[in-house]
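Participant: Below are the structure tokens for one structure; questions will follow.
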Amino acid sequence: MIIAASAFTVMFGTIIAVFDGYSRSLQRTVELIFIQGQTPTKSRVFYIFFLFLISIGSLVVVFQFGDDLKGLVDFATVLSFVIAPVIAIFNFRLVTGKFLDKKSQPSAYLKILSIAGIVFLIIFASLFLLSRFYSF
């Protein structure tokens, strides 16, 4: 009973931390990328929206894969693989944007390498999705 209670509290605390962290980071990312030239919003609208979105998405995933652990792992793997290009693009825009000093930004060589990596991720994620829907 003690081990079960400990495991539950650890997982529950982790879920709360992840929900909060994802919502805060998405809020700040959206503010930096899409609200350029303006002061960052101090409203909690983006935070609450992303918190709600992540909560609903998590519930859908839990109800969908409640008793199918292999399906859940496959879903998480596919989602991570497909989302990688989007995260790479966001990261590139933030690192090369006006929020870092020019001397702190990557060199031209690293920018070219980053763009090549983003293209690589997009191509392979697209090929992966095509192979999931069509058999070649």
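The values are calculated or read from the model by the stated rules, or taken from the named source; none is laboratory data. As the structure is a prediction and not an experimental result, all values here were calculated from the model. Cβ placement follows ideal geometry from the backbone for every residue including glycine, while neighbour counts extend to all protein chains displayed.
Participant: If you take the residues of segment 64-104 that are more than 16 Å from Ile33 (Cβ to Cβ) and in a loop (DSSP other than H, G, I, E, B), which of them is nearest to the chain's Cα centre (by Cα)?
Facilitator: Applying the filter and picking the extreme gives Phe65.
Participant: Would you call Lys111 within 24 Å of Glu31 (Cβ to Cβ), in contact with a helix residue (DSSP H, G or I) (Cβ under 9 Å, 6 or more places away or on another chain) and basic (Lys, Arg)? I'd like the intermediate steps shown before the answer.
Facilitator: On the way: within 24 Å of Glu31 (Cβ to Cβ): yes; in contact with a helix residue (DSSP H, G or I) (Cβ under 9 Å, 6 or more places away or on another chain): yes; basic (Lys, Arg): yes.
It is true that Lys111 is within 24 Å of Glu31 (Cβ to Cβ), in contact with a helix residue (DSSP H, G or I) (Cβ under 9 Å, 6 or more places away or on another chain) and basic (Lys, Arg).
Participant: Moving to a separate point now. With respect to the numbered conditions (1) of a type in the set (Val, Ile, Thr); (2) over 21 Å from Ile15 (Cα atoms); (3) in the same structural domain as Ile15 (by TED's automatic domain parsing), which one is the sole condition not fulfilled by Ile56?
Facilitator: (2)
Participant: Further question on the same structure: With Leu69, Leu127, Leu59, Leu100 as the choices, which residue is out of contact with any strand residue (DSSP E or B) (no Cβ under 7 Å at 6 or more places or on another chain) and surrounded by 12 or more Cβ atoms within 10 Å (Cβ to Cβ)? Talk me through it step by step, then tell me what you get.
Facilitator: Details: Leu69 fails: surrounded by 12 or more Cβ atoms within 10 Å (Cβ to Cβ); Leu127 fails: surrounded by 12 or more Cβ atoms within 10 Å (Cβ to Cβ); Leu59 fails: surrounded by 12 or more Cβ atoms within 10 Å (Cβ to Cβ).
Every option except Leu100 fails the conditions.
Participant: Kindly evaluate Tyr22 against the criterion of being without any contact (Cβ under 8 Å) to a residue 40 or more places away in the chain and assigned by TED's automatic domain parsing to the domain that holds Phe12. Let's see the steps before the verdict.
Facilitator: Working: without any contact (Cβ under 8 Å) to a residue 40 or more places away in the chain: yes; assigned by TED's automatic domain parsing to the domain that holds Phe12: yes.
Considered against the rule, which asks whether it is without any contact (Cβ under 8 Å) to a residue 40 or more places away in the chain and assigned by TED's automatic domain parsing to the domain that holds Phe12, Tyr22 comes out as yes.
Participant: For Ala88, indicate whether it is closer than 23 Å to Val18 by Cα and touching a residue at least 12 places away in the same chain (Cβ under 8 Å). It would help to see each step written out before you state the result.
Facilitator: On the way: closer than 23 Å to Val18 by Cα: yes; touching a residue at least 12 places away in the same chain (Cβ under 8 Å): yes.
Spelling it out, Ala88 is indeed closer than 23 Å to Val18 by Cα and touching a residue at least 12 places away in the same chain (Cβ under 8 Å).
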